[in-house]
Amino acid sequence: PSVAALMDLRLDGAQVRRPAARLSKLRVRLGAGAQLEGFAPKAFAARLDVGLGAARYRDPKLGPLSTSLRTSVAVRGDLGRKDVVLERLALDVDRLLQARLRASARGFGKRGFEASLKLAPLSLARLLRKLPRPIRRKLPLTRLAGRVGLDVEVRGRPPAPGTPPLSLPIHLDAKLRLRGLAATLGGRGAAKGASLRGGELTLEAKGKPA
């Protein structure tokens, strides 16, 4: 007979303090379950959510650093069929970087796999402002604007031994998008104050199984 085993763990509002660092509004939620045949697991599912409202650290060379973090992972699997699905891997860093990953593997990847990665448009201006001041001072930029995003999809199966690199059984579709790029150079010399402006740029790479 099959039975279900469940687990639910929650931690809300925790704080960690050290002389040079502080973590606040820490939230962790873990849920997991399994379907058992006798004492052997037949299928499983798990989810982990971690949130960090604020993390502050004072580096001796870079000065004060701060960020926030949210991440979420959900995975399930059928051990009888050896199939695993990553339903979601989400990462949000400081409301600046937002990435999403989904993937699946059939027969633990032997019968095929697929994955998709999406990077939401990232503000280059916010990224520049987020850098520690000592690093910004070394960059030859006084202004940076625009957004960059990335979409990647891949699917295929493991190649047979001796498969040529250009004949791999993998399909790849990748798109890098750059919008509204603008930069002003700093530093010294004739290039100081020079501006660079670009419209829209899309780089696309594709590959198909042999």
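Find the centroid of the Cα atoms in the range 13-44 and in the range 82-101, then give the distance between the two in whole Å.
Here the answer is 16 Å between Cα centres.
Where only protein heavy atoms count, and the probe is 1.4 Å, what is the accessible area per residue for the chain in Å²?
69
Out of THR71, LEU141, VAL28, whose Cα points farthest toward the positive end of the dipole of the chain (charges: +1 Lys, Arg; -1 Asp, Glu; placed on Cβ)?
Farthest along the dipole direction, towards plus: LEU141.
Convert each backbone phi in the range 136-150 into a coupling constant with the Karplus relation 6.51 cos²θ - 1.76 cosθ + 1.60 (shift: θ = phi - 60°), then list the ³J(HN,Hα) values in order as whole Hz, x for Gly and Pro.
4, 5, 8, 7, x, 9, 10, 8, 8, 9, x, 9, 10, x, 9
In debye to the nearest 20, how big a dipole does the range 46-136 give about its Cα centre with +1 on each Lys and Arg Cβ and -1 on each Asp and Glu Cβ?
Using Cβ point charges on Lys, Arg, Asp and Glu, the range 46-136 gives about 240 debye.
Please report the relative contact order for the chain, taking Cα pairs under 8 Å with a sequence separation of at least 6, and give it as a percent rounded to a whole number.
Worked out over the chain, it gives 11 percent.
The values are calculated or read from the model by the stated rules, or taken from the named source; none is laboratory data. Note that the structure is a prediction, hence the values are computed from the model and not measured. A quick note on method: Cβ atoms are made from the backbone with ideal geometry, for glycine too, and the neighbour counts reach across all protein chains shown. Protein only, heavy atoms only, side chains kept; ligands, DNA and RNA dropped before computing areas. Shrake-Rupley method; radii C 1.70, N 1.55, O 1.52, S 1.80 Å.
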